[in-house]
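The values are calculated or read from the model by the stated rules, or taken from the named source; none is laboratory data. Please read these numbers as outputs of a predicted model, since none were measured by experiment. Quick reminder, even Gly has a Cβ in these numbers, built from the backbone with ideal geometry, and neighbours come from all protein chains shown. Just the protein is used for accessible areas: all its heavy atoms, side chains included, with ligands, DNA and RNA removed. Shrake-Rupley method; radii C 1.70, N 1.55, O 1.52, S 1.80 Å.
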Amino acid sequence: MINSGKRRKFLTVAAATLASFAGTQQLFGKSTVASPSNLKGEEINVKHFGAKGDGKTDDTAAIQKAVATTGNRLFFPKGHYKISKTILIDLAKKGYASIRGNGDAQVIMAGAGPAFKIAGTHFGSADPEGFEKKVWSSERMPIVEGLSIEGQHKAAVGIEAIGTMQLTITRVQVRHTLHAIHLRENNRNLIIADCHLYENHGIGVFYDGVNLHQSNITGSHISYNKEGGIVTKGGNIRNIHITGCDIESNMGSDKAPTANVLIDCSGSAVGTAEVAITGCTIQHNRNAPNSTNIRIIGKDQSGIGSEKERWGNVTITGNVLSDVMVNIDLQYCRGVVVTGNTIWQGYDYGLLMEGCSNVVFGSNLFDANANYPSGTLPSNKLLVTNSEDCIFTGVQVYGSKDSPGLVVRDSKRINIGNCSLLSCEKVGLLLDNVTDSKVSGCMITSLNPNDSSFEPIQSIGGHGNKITE
């Protein structure tokens, strides 16, 4: 028999164990009877505030109550949470924010606007001396993690951010919205990692007239967004790093021409610059009008002088690009390096370059494969117009349909060396009104070895050129 003293000790230990277990259940979002007052300092299970997560009930009010009552710490356990209005995460009022799930929770946005709008007060730069204390004391590094967001309204948006510092979005899926991630006004030090931004009828990641320096997009799938994969328009944008992503078919056949990666400086006084696109697969879809893998429109509309109108400072390296009408389109850019890429099936052009300066192309393959499943041999040609101070070295172009492999027109100080222009039709390299340029050490072959009319190099007009095979 257990004496009364030992019995009391046993019951005390058992009670403590049960209390500990209940606390653990609360922490991981299992309890349905926990009081919000017992959860201070922890992520808040939205079901504690009445959210059903059944995909039918409108959970907007319950989630808004969770935000208002406990601050910006939300946890979504397994379920489908339908909302009809934006959940505003006001960092200035409620402090640090974390919106989390374990990958088994979905937020369904049935109304117009963003499912989550994260708003801070940082409208300065990333210079440490330019911060107000409240940014570090209550606003820094809001996190969205482990959630799926689904749009059920044509104007639904996944996540919108304004005035944030160190916004971190990771392991998030967004589908069937207008824009998956919409960046507006001012943000700094953004990280988007390990996300799936898929089948939205607008843009995957949209830099919309935003003042944003320092953003990293890594390890993500950004595909089948009809108005572009990663798009910048206007604003003041610097230091975009796009690394290790799969970016595919971000253009709709019924939409205006766009690109898997579109950097558009037109309409901006300071443009987008300092961009690195590395180690990505970027491809599809040739069926969309003027579809392009990477398009950079470097010329702004500020009217502050032709030299300052060209934005760039871009590195494109170690990527696989294919199956579009134009693989790379550079318009009025300055300071672009393209090297170490496998580029193929450009049905109109492998490269379009107009009005550019200080561009370096080195060790890239522009390939055309007649056995590709489309059954159509691409044109695959490279066209350079109205450009200056550019170099092509170690570039191979294989197969150019009905055109020279490389055409340079109305340009000056172009250096072409140690390139291979193989299986070209009619002409291998065409220089049209080109001045003060150099061609040396190139291998140029005809598609038809028996074509006696084939010209390896044809030069029309221009002056001051030095051409040696």
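Quick rundown of the values:
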quantity	calculated
Positive-end residue of His122, Gly151, Thr232, charge dipole of region 104-250 with Cβ unit charges	His122
Nonlocal amide H pairs with Ile108, under 5 Å, H built at 1.01 Å	Tyr81, Lys82, Ile83, Glu150
Degrees, to the nearest 10: 60-70 long Cα axis against longest axis of the chain	70
Accessible area in square angstrom per residue, region 399-469, 1.4 angstrom probe	49
Cut-off 15 Å (backbone N to label point 7 Å along Cα→Cβ of His241), residues of region 131-174	166-169
Extension reserve of the Ala155-Asn290 stretch, reckoned as 0.36 nm per residue once the Cα distance is removed	46.0 nm
Average accessible surface area per residue within region 67-139, 1.4 Å rolling probe, Å²	45
Residue-averaged 222 nm ellipticity for the chain, from DSSP H runs of 4+ at -39500 (n - 2.57), nearest 500	-2500 deg cm²/dmol
Fraction of accessible area attributable to carbon and sulfur, the chain (%, probe 1.4 Å)	50
Student exercise, the chain dipole from Lys, Arg, Asp, Glu Cβ charges, in Debye to nearest 20	2720
Rg over Rh [alpha-carbon atoms, Kirkwood Rh] for the chain	1.13
Length-normalised contact order for the chain - Cα pairs under 8 Å, 6+ apart - percent	6
Solvent-accessible area per residue for region 179-303 (1.4 angstrom probe, square angstrom)	31
Nitroxide proxy distance, nm - points 7 Å out along Cα→Cβ at Thr445 and Ala110	6.4
Per-residue SASA entry for Lys412, accessible area with 1.4 Å probe, Å² rounded to 10	80
Among the listed pairs Lys381/Lys438; Lys56/Lys154; Lys94/Lys226; Lys56/Lys255; Lys255/Lys381, those beyond 30 Å (Cα-Cα)	Lys94/Lys226; Lys56/Lys255
Efficiency of FRET from Cβ geometry, Thr339 and Asp432, R₀ 22 Å, rounded to 0.05	0.25
Segment Asn371-Ala61, length gained on full extension (0.36 nm per residue, minus Cα span)	105.9 nm
Mean Cα-pair separation over length for region 186-321, i.e. relative contact order, pairs under 8 Å, 6 or more apart, %	21
Area accessible to solvent at Val336, 1.4 Å probe radius, in Å²	0
Label-zone membership for region 160-179, site Lys85, 7 angstrom Cα→C-beta point, backbone N under 18 Å	160
Extended-chain gain in nm, criterion 0.36 nm per residue less alpha-carbon gap, Lys78 and Ser453	128.0 nm
